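Since the structure comes first, as structure tokens, the remarks are kept for the end.
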């Protein structure tokens, strides 16, 4: 059986519908004939179910359509895992196969609809909405949140990364005093005579033990607390924010917006430095003695951030290894949008 | 007992030498008097052993010397861990305390000599050569290799990162055929009829199972093999390198230099994508069936790379979590220098 390319899709006549669509979910039927996206045609060629497309066998066809190899690998992998799946638009898929993946104007922002196991294109259910990218394809943060990325690395291994918009919330809520004197100390601050609840209930700062001790605060903690009147520093809250901008630039404003947002949601952010992140977070802090495991790792990014898949893989793998969820906080220094990314095994 | 600042150091008269140097290793004796670096003076103030420096107590003194807080935290932490230690140059340390840390012209490139437990400045042995940085201090790769970084994060926790120049070597060495036909396939290549040893002994490529299968090669593998005459592609080795530069720019040349270097050392590099790195490596591959655990994660960087401590923390933490050593390959596309960084608990 042979296929012919017309208008970016592959047509197969004869009883193609019966052979490939009805029982195995390939293509879009048109009477007894079948319209196949190039990736479907490639898979049928690979399996030996089609003999040729435009006279080409599997190897030649795979090399002849730009970008098809990467898409084929994902299509095949998902088929091997027992799924039926369909390119979202056949012409569009063909256009994407031709190298236009990543065009922000795409009507549908994914490449493949993967149906639940046991279901197919004749049902009306989608298990995964998959975007296929090579490991070198930059992925704008704005295009994540409701899609699964299938990243094909340079050695043709596939990593699935599920993205979603998580609800970030907790129950931490400490009652704090007001007007506690604090001092700036270079790129941090100190409360030399801290009220106990600041650390013990609010989990603010890091105690410096000893008689001369006190509570060390990060600039973020200091800015947050000064902004709420809990601590008082010379120059007021602006002096803290100013100092933050001196050492971090705009990043400080973004991180402070996220810090404030988290505290407002009842979630306690502490530094994520040891995990290479901005914050690790605790959703339900009632006292520092009964602190549980931190749940999220948070990286703060500007809203127009563009991920390199490798950086995403690094963050997600690390978070997984320490049993936390990787969350990106996209902030312009005012509002915050949340994006969670996790490894997925379809 | 009081100290006075003169020439960037703190002088303590009386029996200071006896009290602080002879038994506890603070300062540099000058007759019965003692010259202290600001960080040593701060620690003695903190402990209550000194009453004041220039009339200031611990809190005021700590705030009065720019950059002293960060250095004090590390000095204190190492003392708490049972070490005696000394700023490398007292005037120099004072100059650094005044905010000049990171000056590449420093004669000595570290801030603290930490003596082995049980030893002190009167001995002639150094356990750790420590550079103190804040988490926001950029660290040039060229300044690592024989020092331990003490990174003080924004919440005043300390992470110690040991750097060294590792010997990278292995025993992998497969005998390969020559002139095997290969085809370019977008941003990868394929050997459609691969000799078995290419994968089974050399661990090159990724098999695509099935009748139509073959061996998929990354562009790096293809460039390496084409350069050695093992595979033949249309356009020769240059066509592969050219394609690599199209998709990765200069980075491809750096990565290929590192790939070639590793193979030359008997070490097999495979993609490190799932770990967010360039490569994971296997030192002793005799056959793919008996593959052990990969030992290193390799990130390729240009020689003038400047690390953000947070990125270093991320890489090192991930590598540790998967029981591998994080190694940076600094390459200009020709030569390669190796740098290993590991978390250290002093």
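Taking R0 as 25 Å, what FRET efficiency do you get between residue B:123 and residue B:64 from their Cβ-Cβ distance, rounded to the nearest 0.05? Between residue B:123 and residue B:64 the formula returns 0.15. Helical runs (DSSP H, four residues minimum) scored at -39500 (n - 2.57) apiece and divided by the length of chain A put the mean residue ellipticity at 222 nm at -7500 deg cm²/dmol. Taking the fewest neighbouring Cβ atoms within 10 Å as the starting point, the ordered list for B:326, A:184 is A:184, B:326. Averaging Cα coordinates gives a centre for the range A:1-63 and one for the range B:178-216; these two points are 25 Å apart. Residues B:311, B:111, A:253 in ascending order of nearby Cβ atoms (within 10 Å, fewest first): B:311, A:253, B:111.
DSSP finds beta bridges in chain A, and of those with both partners inside it, around 75 percent are antiparallel. Relative to the longest principal axis of the Cα atoms of chain A, the long axis of helix A:250-264 makes an angle of roughly 80 degrees.
For peptide A:308-316, the mean count of partner chain Cβ atoms within 10 Å of a residue's Cβ comes to 4. Quick one: Debye curve from the C-alpha atoms of the range B:174-257, no solvent, what's log10 I(q)/I(0) at q = 0.17 Å⁻¹? Per q value, in the given order, log10 I(q)/I(0) is -0.61. Kirkwood's formula applied to the C-alpha pairs of chain B gives a hydrodynamic radius of 23.0 angstrom. Compute the angle between helix A:68-80 and the longest alpha-carbon principal axis of chain A, please, reported from 0 to 90 degrees and rounded to the nearest 10. Compared with the principal axis, the helix lies near 90 degrees. For the segment B:146-154, counting C-beta atoms of other chains within 10 Å of every residue's C-beta and taking the mean gives 3. Each Cα pair under 8 Å and six or more residues apart adds its separation to the average, and for the range B:174-257 the resulting relative contact order is 28 percent. Entry note: the protein assembly as shown has Rg to Rh equal to 1.06, where both radii use alpha-carbon atoms and Rh is the Kirkwood radius.
Cβ crowding within 10 Å, taken as a proxy for footprinting-reagent exposure, orders B:81, B:131 from fewest neighbours to most as B:81, B:131.
Comparing A:73, A:208, A:176, which has the greatest mean-square fluctuation in the GNM of chain A with Cα pairs linked when under 10 Å apart? It is A:208.
Note on chain B: with a GNM built from Cα contacts shorter than 10 Å, the maximum mean-square fluctuation among B:178, B:162, B:35 falls on B:178. I'd like the orientation of helix A:38-47 relative to chain A: the angle between its Cα long axis and the longest Cα principal axis, in ° from 0 to 90, rounded to 10. Roughly 70 degrees between the two axes. Peptide A:202-208 has a mean of 2 when you count, residue by residue, the C-beta atoms of other protein chains within 10 Å of its C-beta.
Readers should treat all values here as calculations from the given coordinates under stated rules, not as data from a laboratory. This one's a predicted model, so the numbers in the text were calculated from it and none came from an experiment. Backbone-built Cβ (ideal geometry, glycine too); neighbour counts: all protein chains shown.
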